[in-house]
Amino acid sequence: MNCLVVFGPKANVLSKLYSNKAFRNWKLVIIGRDLKKFYNSLKQQNNFGEIIQIEVDYLKLTIIDDYQKIANALTQHLSHESEKNFFLFAQGVIERLPFFFQTDDQILKQFKINLEFPVRCTHSILKTNPNLLSSHWYYLSSIATQRSDVGVSLYASTKSALEKFCETLRLEQKLTSRSGSIKVLRIIIIDGGLSHGLPDDVKNELLQMAYDSKFTSKSALAEYLILDFSNPDSEICFVE
């Protein structure tokens, strides 16, 4: 059975993903906080063979043991064949303010959720089972790493750092006997995510850029992921 693991499963940009019948024989593991209502909603849709929920508050993770507990809870649900495991890191937070207006808590929150969590969680999973490096890994980033707006300096910086982590981890993955895939998805979704709160002139500029992007709506992102899950072995690392 294929296993899809989603960190930050309630992310607005993923709202169109879970309803596809292609997942009928898949196991879904959702990892985040306050999942009970969301879990019950997914169960009612009856689109997955099995659904597991793991409650995690990203902001309360401090030591390596905290991340290792997540990895231990997760790995017991994964497929024994590493190429059948798909990890999707969708968690993210943005504080749309000029940098000098942001508080220490806002700064630390963006570091914690956008960068520290995906890096340290990936490390703990691979430490638990190094063979999982041959799985398929997807990390949601943003077009803001290429085109930064006023008020997103820290968000863009954390996502850029995450992209560099993925790019170099992909080089390590190529050294394994059975290479999987690691992909960064730079989203430019106008009906959710980063576009919230943008001035009209910036939105218009993003819409012009959207002609070169695969991700211009939640439906487009979901369609791409579903198709790529069926054939994830391309050499592409960055997808816009």
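Close contacts from the range 64-84, counting a first residue that is charged (D, E, K, R) and a second that is buried (at least 17 other Cβ atoms within 10 Å of the Cβ) and in a helix (DSSP H, G or I), with Cβ to Cβ under 8 Å and a gap of 6+ residues or different chains, come to Glu83/Ser134.
Out of curiosity, is Glu95 surrounded by fewer than 16 Cβ atoms within 10 Å (Cβ to Cβ) and either at pLDDT below 95 or farther than 15 Å from Phe229 by Cβ (or both)? Considered against the rule, which asks whether it is surrounded by fewer than 16 Cβ atoms within 10 Å (Cβ to Cβ) and either at pLDDT below 95 or farther than 15 Å from Phe229 by Cβ (or both), Glu95 comes out as no. Scanning the range 95-115 for residues that are among the β-branched types (Val, Ile, Thr) and in a helix (DSSP H, G or I) gives Ile107, Ile113. Screening Glu116, Glu50, Glu55, Glu83 for residues that are at pLDDT 95 or above, closer than 23 Å to Val239 by Cα and open to solvent by 40 Å² or more (accessible area, probe 1.4 Å) leaves exactly one candidate, Glu116.
Please indicate, with yes or no, whether at least one residue in the range 122-133 is assigned to a loop (DSSP other than H, G, I, E, B) and either out of contact with any Gly (no Cβ under 9 Å at 6 or more places or on another chain) or under 26 Å from Asn72 (Cα atoms) (or both).
Yes; the residues of the range 122-133 include at least one that is assigned to a loop (DSSP other than H, G, I, E, B) and either out of contact with any Gly (no Cβ under 9 Å at 6 or more places or on another chain) or under 26 Å from Asn72 (Cα atoms) (or both).
Residues of the range 119-131 that are aliphatic (A, V, I, L, M) and crowded, with 23+ Cβ neighbours inside 10 Å: Ile125 alone.
Selection over the range 58-80 of residues that are surrounded by 12 or more Cβ atoms within 10 Å (Cβ to Cβ) and in a helix (DSSP H, G or I) gives a count of 13.
The values are calculated or read from the model by the stated rules, or taken from the named source; none is laboratory data. Predicted model only: the values in this text are computed from it and were never measured. Note that each Cβ is placed from the backbone with ideal geometry, even for glycine, and that neighbours are counted across all protein chains shown. We work out accessible area using only protein heavy atoms, side chains counted, and drop any ligands, DNA or RNA first. Shrake-Rupley method; radii C 1.70, N 1.55, O 1.52, S 1.80 Å.
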